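See structure below.
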Amino acid sequence: MCATNEEWFTRAERLFPGGVNSPARAYAAVGGTPPVFVRGEGAYVYDVEGKRYIDYLAAYGPLILGHAHPAIVSAISRAAAEGTVLGTTTTYEVEFAERLQSAIPSLERLRFTTSGTEGVMSAIRVARAFTGRTTIVKFSGCYHGHADPVLGDAGSGTATVGLSHVAGVPAETLRDVWSLPYNDPETLRTTMRKRGERVAAVLVEPVVGNFGIVPPEPEFLRTIHEEAARAGALVIYDEVITAFRFAYGAVQSLLGYTPDLTVLGKIIGGGVPIGAFGGRRDVLELLAPLGPTFQAGTFAGNPLAMRAGLALLDVLAKENPYGELERKAIRLAEGLTAAARRYRLPFTVNRFGGAFSTHFVDGPVRTYADARRADDRLFSRFFHGLRERGILIAPSKYEAWFTMVPHTWDDVEATLRAAEDVFAELAR
Ligand code: PLP
């Protein structure tokens, strides 16, 4: 009988490359062997040895109500009893799409997918079909899933495992994707003025979640919209992390801009696999069966995800937890910053709403280059120090911490006490 984390991970390594089903979960950047988990409840996850962790990983973003929230469990159980996939249009997908549309008015039409990756891939395809152009402008360090065109310069997903070039992605695919620095309106303007007539879409994480949490500077965001409009290109917001993370709806409503297309994922599925893309009706209606371009999915819009998503929206609408999530993130961000200062460590926290990132570098962190400069060794020791003390964050200096509804103020203070200990060790 296998009992320890080590033993389970060794078994996993005999099955999955690197022992994982997604490379972000490996400890490639921080060293050591990942614990192997068996369950989550509220704000906590438990490994196979029975150790409890306060969870700020939130499964890389999908969780906001914590693990196994009773309303979601009940919705999923009902869906399981009545059919998890029917292969037809269902009442649940109609209801869920209507709810999303009323929270995100730019979704004149939408399609569900089963991952954020598919949402991005389809949004790019439909944008290319609409404009008749091929080039996509994206930004260095933004991660948009693992479809070929977005795997150049792709932030957390690839950077954490040290890949600057992803083998197997044809060079000609990447030739049509220009990766420009985030928060650099000048480079964007110059590029768009010179060659904007080739650009189908500007694809952006409107608030970055993949080289830390990095909000857009106002001139940068304005330039995206102005230059795309001038060039006849579409703007695609990748809101896979941001939608329903900071407010009931998409972050576009907080930023004050309306993109042509939006990609959704993570949170909206209530913890069940999901993605979606939507936006302008004239663009979305290019999809088959109405138009000449194509996107599909056996499990797209399945009742399991739709009903979990509906239950999630019910709770978020009723409880409006966003103020409280932000207050906890502020306390954590301020407490961590003050403690790091006491130990004279180079340290910057970036925060937006209830999400923040910790960078072992003197700030500001406003570009991917800034985030890359953060000290890898200090981060690894910080990560392991927290892990030993029962605090779970992502094993990557590029990933965010997320506050979740079930985090208590005691959890927050316990986290700060653990971090204080770890900073003291780092300073020694
Ligand atoms: N877009 C963003 C901003 C993401 O952070 C991610 C995943 O981390 C994706 C797209 C891809 O989503 P998925 O992992 O569901 O394919």
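Quickly run through segment 224-260 and pick out the residues that are in contact with a Ser or Thr (Cβ under 7 Å, 6 or more places away or on another chain), of a type in the set (A, V, I, L, M) and within 26 Å of TYR60 (Cα to Cα).
ALA247, ALA250, VAL251, listed by residue number.
Return the total of residues in segment 112-126 being near the ligand (Cβ under 8 Å from one of its atoms) and not polar (S, T, N, Q).
So the count comes out to 4.
For the structure I just gave you, tell me whether PHE383 is touching a strand residue (DSSP E or B) at 6+ places or on another chain (Cβ under 6 Å), crowded, with 24+ Cβ neighbours inside 10 Å and in the same structural domain as ALA43 (by TED's automatic domain parsing). Give the steps one after another, and end with the answer.
On the way: touching a strand residue (DSSP E or B) at 6+ places or on another chain (Cβ under 6 Å): no; crowded, with 24+ Cβ neighbours inside 10 Å: yes; in the same structural domain as ALA43 (by TED's automatic domain parsing): yes.
So PHE383 does not fit the description; no.
Is it true that some residue in segment 9-23 is touching a residue at least 24 places away in the same chain (Cβ under 8 Å), within 16 Å of the ligand (Cβ to nearest atom) and part of a loop (DSSP other than H, G, I, E, B)? Explain how you work it out, then say what you get.
Taking segment 9-23 first, the residues touching a residue at least 24 places away in the same chain (Cβ under 8 Å) are 9, 12, 23.
Those still in the list that are within 16 Å of the ligand (Cβ to nearest atom) too: 23.
Going one step further and asking which of them are part of a loop (DSSP other than H, G, I, E, B), we end up with none.
Within segment 9-23, not a single residue is touching a residue at least 24 places away in the same chain (Cβ under 8 Å), within 16 Å of the ligand (Cβ to nearest atom) and part of a loop (DSSP other than H, G, I, E, B).
Out of segment 43-57, which residues are within 19 Å of GLY269 (Cβ to Cβ) and either away from the ligand (no atom under 16 Å from the Cβ) or touching a Gly at 6+ places or on another chain (Cβ under 8 Å) (or both)?
The initial filter retains those residues of segment 43-57 that are within 19 Å of GLY269 (Cβ to Cβ), namely 45, 55, 57.
The answer is VAL45, ASP55.
Name every residue in segment 412-428 that is under 12 Å from ARG331 (Cα atoms) and crowded, with 21+ Cβ neighbours inside 10 Å, in order of residue number.
Within segment 412-428, THR415 is the sole residue that qualifies.
Can you confirm whether TYR27 is under 13 Å from PRO395 (Cβ atoms) and in a strand (DSSP E or B)? Write out each step before concluding.
Working: under 13 Å from PRO395 (Cβ atoms): yes; in a strand (DSSP E or B): no.
For TYR27, the condition - under 13 Å from PRO395 (Cβ atoms) and in a strand (DSSP E or B) - is not met.
Output the number of the condition that GLY157 fails; it satisfies all remaining conditions of (1) in a helix (DSSP H, G or I); (2) farther than 27 Å from LEU254 by Cα; (3) at pLDDT below 95.
(2)
Taking ALA201, is it buried (at least 24 other Cβ atoms within 10 Å of the Cβ), over 17 Å from SER396 (Cβ atoms) and either away from the ligand (no atom under 11 Å from the Cβ) or more than 21 Å from the chain's Cα centre (by Cα) (or both)? Steps first, answer last, please.
Details: buried (at least 24 other Cβ atoms within 10 Å of the Cβ): yes; over 17 Å from SER396 (Cβ atoms): yes; either away from the ligand (no atom under 11 Å from the Cβ) or more than 21 Å from the chain's Cα centre (by Cα) (or both): yes.
Criteria met by ALA201.
Which members of segment 60-108 meet the condition of being touching a residue at least 40 places away in the same chain (Cβ under 8 Å), loosely packed, with under 15 Cβ neighbours inside 10 Å and among the hydrophobic types (A, V, I, L, M, F, W, C)?
Correct list: ALA80, LEU86.
In segment 293-315, is there at least one residue being modelled with pLDDT of 95 or more, out of contact with any Gly (no Cβ under 8 Å at 6 or more places or on another chain) and closer than 21 Å to PHE382 by Cα?
No, segment 293-315 contains no residue that is modelled with pLDDT of 95 or more, out of contact with any Gly (no Cβ under 8 Å at 6 or more places or on another chain) and closer than 21 Å to PHE382 by Cα.
What is the residue count in segment 240-283 for residues that are in a strand (DSSP E or B) and either within 10 Å of the ligand (Cβ to nearest atom) or without any contact (Cβ under 8 Å) to a residue 24 or more places away in the chain (or both)?
Residues of segment 240-283 in a strand (DSSP E or B): 261-265, 275-279.
Checking the rest, the ones that are also either within 10 Å of the ligand (Cβ to nearest atom) or without any contact (Cβ under 8 Å) to a residue 24 or more places away in the chain (or both) come to 263-265, 275.
Total meeting the criteria: 4.
Yes/no matrix, rows are residues, columns are (1) under 21 Å from THR258 (Cβ atoms); (2) out of contact with any Phe, Trp or Tyr (no Cβ under 7 Å at 6 or more places or on another chain); (3) of a type in the set (Gly, Ala, Ser); (4) within 16 Å of the ligand (Cβ to nearest atom):
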{"site": "THR89", "(1), (2), (3), (4)": "no, yes, no, no"}
{"site": "PHE96", "(1), (2), (3), (4)": "no, yes, no, no"}
{"site": "GLN101", "(1), (2), (3), (4)": "yes, yes, no, no"}
{"site": "SER106", "(1), (2), (3), (4)": "yes, yes, yes, no"}
{"site": "ARG109", "(1), (2), (3), (4)": "yes, yes, no, no"}
{"site": "THR131", "(1), (2), (3), (4)": "yes, yes, no, no"}
{"site": "ASP148", "(1), (2), (3), (4)": "no, yes, no, yes"}
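The values are calculated or read from the model by the stated rules, or taken from the named source; none is laboratory data. The model shown is predicted, which means the values in this text are computed figures rather than measured ones. So basically every Cβ, Gly included, is an ideal-geometry build from the backbone, and we count neighbours across all protein chains shown.
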